[in-house]
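What follows is a single structure, written as structure tokens, with notes after it.
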Amino acid sequence: MTGVTVPADDTGRDIGGRLLVSLAAFVIIVAGMKAASPLLVPFLLALFIAIIIAPVFNWLQRRGLPAGIALLAVIIALVMVVMLFGALLGNSMDEFLRALPAYQARLQETTTGLIRWLGEKGLEISNDTVRQYLDPGKAMKLVSNMLSSMGGLLTNGFLILITVIFLLLEASSFPDKWRMASRNAESTLANFRAAACNINHYMGIKTLTSLATGVAVAGWLFLLGIDYPVLWGTLAFLLNFVPNIGSIIAAVPAVLLALVQAGVMQALLVMAGYAVVNIVIGTFAEPRFMGRGLGLSTLVVFLSLVFWGWVLGPVCMLLSVPLTITVKIALDSHTGTRWMAVMLGPRVTPPVDAGEQAAHESAA
């Protein structure tokens, strides 16, 4: 009796077909997210705000407060924080945006003078080349666009607030609903709790260290007499959530402003202040209080920053790490996608074979 033989390359074709379908689905999902970003960004922001303040809401309920009163207290505190943030950012941002053309013109004059001075020293540089690739005015414009996008997000504050309220109200019934809908509900809920705990831990420590960074930067710029110190301190607070390059981006406008306002020496002092603050807080204080790692490799953290910023805009650069942690835990919860979660994680130590370990012990 002869059986049907399967061609040797069918397995490879099957794997290649599944890979192509997965890549096509990924592209479609990313394109959909990018198209829906005006609606998706406020929802994601509301989701992470709800995750952060949910422990406070639950703690107030455990202390004996009814759910309605506990929710009202949490929402009032949240509104006060948003109003404080708007007051700190609003007036300074408006004044800076109005003065931006004048700052850009003075930066252009400073750049032209520097090129002329380098030419006198024998180093010829084309002014058009500098304007095309190293125009400091474009850096100032980039920062103004980022500030405008953050300010525009505040106009969706009511939508975000209402979404946070409904998310908190639904959070208590979500586990029971999921147990009814899923067979392996307990495993999924455990993964979700781990994700929420990890995000809460990261966001809590990051908020405190970012607040310390913003206050220190604003104080240093105020002592140096640089314009809009509160604005640059607020920007340093926000961009400190962006890993790796956030602190560098936050320092650029303040350094350029110091250059056109007070000269090279003040710009160097501003740069030194940013460096000291970020070294002390980012290198020593933050790792000490952060404790456990994020569970992400450094490369993945940087790529997630670029990816989420491109798909959902500058605001989601602040949420790049929590979003990627959530994706990693979701991938880790399924056997077929666990290898992706491993690839997103930090460096791992390969397991030692028992025979090799015994041989090493006997040789020792």
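The values are calculated or read from the model by the stated rules, or taken from the named source; none is laboratory data. From a predicted model like this one, the values you see are computed outputs, not experimental measurements. Here Cβ is always computed from backbone atoms with ideal geometry, including for glycine, and neighbour counts include all displayed protein chains. Remember, those area values only see protein heavy atoms, side chains included, never the ligands or the DNA or RNA. Shrake-Rupley method; radii C 1.70, N 1.55, O 1.52, S 1.80 Å.
For the reader, a short list of remarks on this structure follows.
- Residue within the range 278-285 that is in a helix (DSSP H, G or I), aliphatic (A, V, I, L, M), under 14 Å from the mean Cα position of the chain (by Cα) and modelled with pLDDT under 85 present: no
- Residue in the range 31-42 that is open to solvent by 70 Å² or more (accessible area, probe 1.4 Å), more than 23 Å from the chain's Cα centre (by Cα) and in contact (Cβ under 8 Å) with a residue 60 or more places away in the chain present: no
- Single residue of A250, A258, A262 found to be buried (at least 23 other Cβ atoms within 10 Å of the Cβ) and either within 23 Å of the chain's Cα centre (by Cα) or at pLDDT below 85 (or both): A250
- Test result for L88, assigned to a helix (DSSP H, G or I), in contact with a helix residue (DSSP H, G or I) (Cβ under 6 Å, 6 or more places away or on another chain), modelled with pLDDT under 75 and open to solvent by less than 30 Å² (accessible area, probe 1.4 Å): no
- Exactly one residue out of I15, I52, I69 is open to solvent by 50 Å² or more (accessible area, probe 1.4 Å), at pLDDT 85 or above and part of a helix (DSSP H, G or I), and it is I69.
- Test set (1) under 30 Å from E186 (Cβ atoms); (2) of a type outside the set (K, R); (3) open to solvent by 70 Å² or more (accessible area, probe 1.4 Å); (4) modelled with pLDDT of 80 or more - T335 fails condition number: (4)
- Residues in the range 151-168 that are open to solvent by 90 Å² or more (accessible area, probe 1.4 Å) and at pLDDT 75 or above: F158, F166.
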